[in-house]
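Encoded as structure tokens, the structure appears first; notes follow it.
Bear in mind that the values in this text are calculations on the coordinates, not laboratory data. The structure displayed is predicted, hence computed values, not measured ones. Reconstructed Cβ throughout: ideal geometry from the backbone, glycine too, with neighbour counts over all protein chains shown.
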Amino acid sequence: MKKQLTYIAVAFLFTGMLSAQKIDLNAMPKPGPTPAINIAKPKTFQLSNGLTVMVVENNKLPRVSANLSMDRPPYHEGNVTGVSEIMAEQFENGTTNIGKDEFNKKVDFLGANLNFSSSGAFAGSLSKYFPEVLSLMADAIINPKFSAEEIQNSKERTIEALKSDEKNASSIASRVSNALQYGKNTSRGEFETVESISKIQLADVQNTYKKYYSPDNAYLVIVGDVKYDQVKPLIEKAFNSWKKSNTAFTALEPASNVAKTEINIVDVPSAVQSVVAVGNLNTLKMKDPNYFSATIANYILGGGGEARLFMNLREKNGFTYGAYSRMNASKYSPNFSAESSVRNEVTDKAVKEFMNELNAISTVKPEELENAKAKLKGNFIMSLEKPETIAKFALNQKVQDLPSDFYTNYLKSIDKVTAADVSAAVKATILPNQSRIFIAGKASDISEGLEKLGYPVKYFDKEANPVAKPAAQKVDANVTIGSVADKYINAIGGLAAVQKITSISSDATTKVQGMEMNMKMIQAKEGKMAMNISMMGNTVQKIVFDGKDGYMEVQGKKVPLSDKQKAEMSEEKELFPELNFAKSAEYKLAGIEKYNNEDSYVVKGAKDTYYYSVKTGLKTGEVKAGEQGSTPTSYSDYKEVSGVKLPHTILQNMGGMDINLAVKSYLINQAKDSDFK
């Protein structure tokens with residue numbers, strides 16, 4: 001089964017290829033004088049229920065959008081955390097006036113885009129259909145149809161997603177790092193779990209809607225091909241009946257930085273990359289005098305491909321594909337963070353470089369400062385071409401309590417920033433001595449190096465609970481690499497049954513960004529393989545190898561396999577590499593680790609690592625090294641096929657994205673020589 005998914009990575013990498021052109025990085029044009037900024041104000045009115053409406057007329061295209069957002073602090077959901085997201089999903093299930101099917105048919109017929117979140121909604125359509133679309137949006141918001149059946153469906157989808165994220169280091173990092181910063185039982189630190197979603201009932205959804213989804217401190221922004229005098233009565237008619245909640249929000253729970261920088265680790269045994277996030281809380285607001293200085297400091301540190309973090313971790317050291325930082329001047333949760341995903345073996349080195357850059361950012365070079373100013377000013381000027389920018393600025397002024405000339409003086413405010421200003425802002429917002437260095441990764445591979453960096457190291461589980469350092473499990477003296485291989489062979493059907501297999505054909509499906517993808521694979525002894533990946537009946541990629549020669553076909557174009565590719569593909573003569581474990585000095589028994597939530601024996605080869613359940617002997621997964629990095633794969637749902645058990649659920653992680661393959665069928669010993677031509 002070695003090549004079952006080895007080459008699927010190529011298809012996903014291919015879809016992201018972009019042609020590059022050579023540019024002279026040293027020939028940056030000199031910026032001209034700072035232009036004067038005149039920003040028109042949207043026409044604004046307020047309904048008696050508190051809803052503030054902003055209208056931006058722009059008749060260049062016959063389209064209109066309506067964006068609803070609610071200005072409210074985070075609220076604690078407690079043992080039903082996730083209820084607000086479940087509630088938001090219900091808005092597309094029809095209203096008390098119109099059924100689900102008819103509602104969605106109308107949206108589709110009008111060619112509209114209509115979606116909802118726990119803190120707002122969005123609608124977009126051609127201007128001639130906008131009155132009807134606006135009416136549908138308002139009806140869904142004001143007269144939602146909550147049903148126990150639809151809520152149960154939403155819960156099941158959410159639980160399925162949570163389970164698929166259990167081994168995803170990025171998801172774990174986002175959840176646990178936030179919980180450690182704010183406290184896991186607070187409004188800003190709580191997170192969804194299978195248990196909290198399971199507890200949600202119809203009454204919880206109804207109560208959340210009544211208390212928190214209301215026009216109090218809400219803003220409706222209309223942008224596009226409308227006339228203010230005509231759209232105002234439409235909005236009043238549609239939203240006047242939306243009732244206030246008058247909910248009194250409790251004060252946000254206090255949160256503070258650690259007294260001294262520490263490393264927090266969550267063990268993700270299947271991870272081949274570590275997710276590294278260095279962060280701290282601050283008090284930065286957009287109206288603060290040092291806002292522009294802090295923004296410039298962040299841009300120089302990690303704002304893009306020419307920033308310090310990127311140039312260090314990627315260009316200089318090759319630890320990662322990218323490293324970035326973010327200065328979040330949010331109204332309720334201001335913070336700083338710097339993040340990247342790096343190879344396990346360089347995790348400690350990457351952390352050291354992160355901290356070097358955070359400590360050094362208090363001093364910036366004149367050319368860095370001028371470049372950052374030019375880029376930020378250019379981005380601001382380009383944003384003014386979009387009509388929705390005017391509404392966004394007006395909304396920010398109200399929500400963030402900005403001075404009336406904040407945006408008209410935006411470019412001048414950037415120009416005024418000095419190197420000394422940047423240094424002062426850094427001292428208040430980027431705190432390398434009071435940061436959490438959070439890492440989600442394979443503890444057995446990364447702990448030793450991290451513990452040598454000099455920071456206190458603490459361990460947490462995936463629920464943000466403190467735990468002891470994961471200890472390596474000992475292998476019984478009577479367990480050998482040969483016995484592990486034998487146990488696997490016996491578990492799937494026995495040596496006699498396995499030796500009869502000369503070829504395996506499989507037909508599997510998965511979803512990529514909501515689109516179904518089909519993968520047909522044929523494998524035979526002597527390294528022969530043929531793979532066809534298709535979407536909507538069209539071949540995306542095809543790879544064929546007859547044991548000696550082969551090609552790759554992409555969008556109808558054939559490219560011969562390179563000598564290196566052919567050599568790698570022909571290395572494995574057997575369909576089951578386990579048959580060679582005891583015969584080859586290449587493979588070593590390396591202990592016991594958790595893989596796919598099971599204690600598994602670890603068998604390491606020169607390039608690849610295999611995992612076998614201590615309890616059942618079945619293969620739980622493997623990690624294969626390649627030119628684009630290591631790729632972990634998990635196997636489960638073994639079922640018998642022609643006397644041999646084969647996995648019917650295969651989960652592979654590609655660059656942080658989980659590809660969940662469901663095998664529809666297997667065929668044994670049905671391959672023909674013509675399949676590999």
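Take 85, 578, 166 and order them by how many other Cβ atoms sit within 10 Å, fewest up front.
Final ranking by Cβ density, sparse to dense: 166, 85, 578.
Could you rank the peptides 70-77, 614-621 by their average count of other C-beta atoms within 10 Å per residue, with the highest value first?
Output ranking for 70-77, 614-621: 614-621, 70-77.
Apply the Karplus parameterisation 6.51 cos²θ - 1.76 cosθ + 1.60, with θ equal to phi minus 60°, to every residue of segment 461-470 and state each ³J(HN,Hα) to the nearest whole Hz, in sequence, with x for glycine and proline.
8, 6, 9, 6, 9, x, 9, 6, 4, x
Among [x] 33.6; [y] 31.2; [z] 74.5, only one was calculated for this model; which label is it, if the read-out is mean projected area of the Cα convex hull in nm²?
Given [x] 33.6; [y] 31.2; [z] 74.5, the structure-derived one carries the label [x].
Greater than 20 Å separation of Cα atoms is the criterion. Which listed pairs, 163/511; 128/237; 442/469; 331/365; 43/243, meet it?
331/365; 43/243
Can you tell me which of 235-248, 415-428 comes out highest on packing, and rank the rest after it, using the mean Cβ neighbours within 10 Å?
Those peptides, ordered most packed to least, come out 415-428, 235-248.
Using mean Cβ contacts within 10 Å as the protection proxy, how do 437-443, 334-340, 90-96, 660-666 order, highest first?
Going by the mean number of other Cβ atoms within 10 Å, highest first, we get 437-443, 334-340, 90-96, 660-666.
For residue 559 paired with residue 640, estimate the spin-label separation in nm (one decimal), with each label point 7 Å from Cα along the Cα-to-Cβ line.
Rounded to a tenth, the inter-label distance reads 4.5 nm.
Tilt of helix 366-383 relative to the longest C-alpha principal axis of the chain, in degrees (0 to 90, nearest 10)?
It works out to around 70 degrees.
How charged is the neighbourhood of residue 553? Take every other residue with its Cβ under 13 Å from the Cβ of residue 553, and add Lys/Arg as +1 and Asp/Glu as -1.
Net of charged neighbours comes to +4.
When the Cα centres of segment 292-353 and segment 58-133 are compared, how far apart do they sit, in Å?
Between the Cα centres of segment 292-353 and segment 58-133 lies a distance of 35 Å.
Express in nm, to one decimal, how much length is gained between residue 380 and residue 468 on full extension, taking 0.36 nm for each residue of separation and deducting their alpha carbon distance.
26.8 nm
What distance in nm lies between label points placed 7 Å from Cα along the C-beta direction at residue 92 and residue 535?
Here the answer is 1.9 nm between the modelled labels.
Kindly put 275, 467, 540 in sequence by how many other C-beta atoms sit within 10 Å of each C-beta, fewest to most.
Fewest to most other Cβ atoms nearby, the residues stand as 467, 540, 275.
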